[in-house]
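Data first, discussion second: the structure below is written as structure tokens.
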Amino acid sequence: MWPGVFAIPAAGIVGPRGHVYGVDVEAGMIEHLRSEIDRRQVPNISVLLSTESRVALPDGTADIVFIAVVLHEVDAPVAFLSEAGRLVKRDGAIAIIEFHKRDDLVDGPPMVHRVSVGELTDLATLAGLKVGSTTDLTDRFYLTKLTRDIV
């Protein structure tokens with residue numbers, strides 16, 4: 001995936017009254033996204049260099065936290081998901097796209113790095129999140145919706 005592949009279209013979806021935060025842990029990806037934002041003149045995206053476990057935004061900033069093909073790269077997935085839970089509003093959602101963990105799929109990360117739906121469920125529960133629906137997007141990718149587990 002390249003920087004902005006989801007952030008730039010999301011900015012169009014939320015429109016001029018909405019805002020998108022493009023967050024990455026790699027400075028090079030951030031710079032590339034900034035270049036794309038400037039080139040396409042997208043005014044409603046802010047770009048943030050972050051760590052996996054801390055994003056410099058207030059609690060409850062986001063209606064939706066969108067995490068696409070990232071979780072399998074994260075060193076501390078429970079802390080990462082906990083941070084997503086901190087960022088999302090009480091009535092918001094976390095949407096995660098990941099590669100299916102199936103032996104018949106050769107494209108994508110090594111099987112040992114992939115996160116199955118069951119593994120994601122376990123990680124989300126440990127992070128204090130509630131697992132909603134899971135949908136197969138393609139034969140390669142699935143989407144899982146998480147929410148804050150508010151008691």
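The values are calculated or read from the model by the stated rules, or taken from the named source; none is laboratory data. For clarity, every value in this text was computed on a predicted model and none was experimentally measured. Using ideal geometry, Cβ is built from the backbone for each residue, glycine included, and neighbour counts are taken over all protein chains shown.
Across segment 47-74, the qualifying residues are those that are charged (D, E, K, R) and assigned to a loop (DSSP other than H, G, I, E, B), and the one among them that is nearest to residue 89 (Cα to Cα) is 59. From the list 78, 88, 74, the one residue that fits, being of a type in the set (A, V, I, L, M), touching an Asp or Glu at 6+ places or on another chain (Cβ under 7 Å) and closer than 23 Å to residue 23 by Cβ, is 74. Of all residues in segment 79-129, those being of a type outside the set (Ser, Thr, Tyr), over 14 Å from residue 140 (Cβ atoms), assigned to a helix (DSSP H, G or I) and modelled with pLDDT of 95 or more number 15.
Restricting segment 133-151 to residues that are modelled with pLDDT of 95 or more and touching a Lys or Arg at 6+ places or on another chain (Cβ under 8 Å), the residue that is surrounded by the most Cβ atoms within 10 Å (Cβ to Cβ) is 146. Considering only residues that are loosely packed, with under 14 Cβ neighbours inside 10 Å, modelled with pLDDT of 95 or more and closer than 20 Å to residue 129 by Cα, which ones fall in segment 52-74? Within segment 52-74, 54, 58, 59, 63 meet the criteria.
Within segment 10-42, the set of residues being surrounded by fewer than 12 Cβ atoms within 10 Å (Cβ to Cβ) and assigned to a helix (DSSP H, G or I) comprises 13, 27, 28, 38, 39. Report, by residue number, each residue of segment 115-151 that is over 20 Å from residue 61 (Cβ atoms) and in contact (Cβ under 8 Å) with a residue 40 or more places away in the chain. Listed by number, the residues that qualify are 115, 120, 123, 126, 137, 140, 141, 142, 143, 144.
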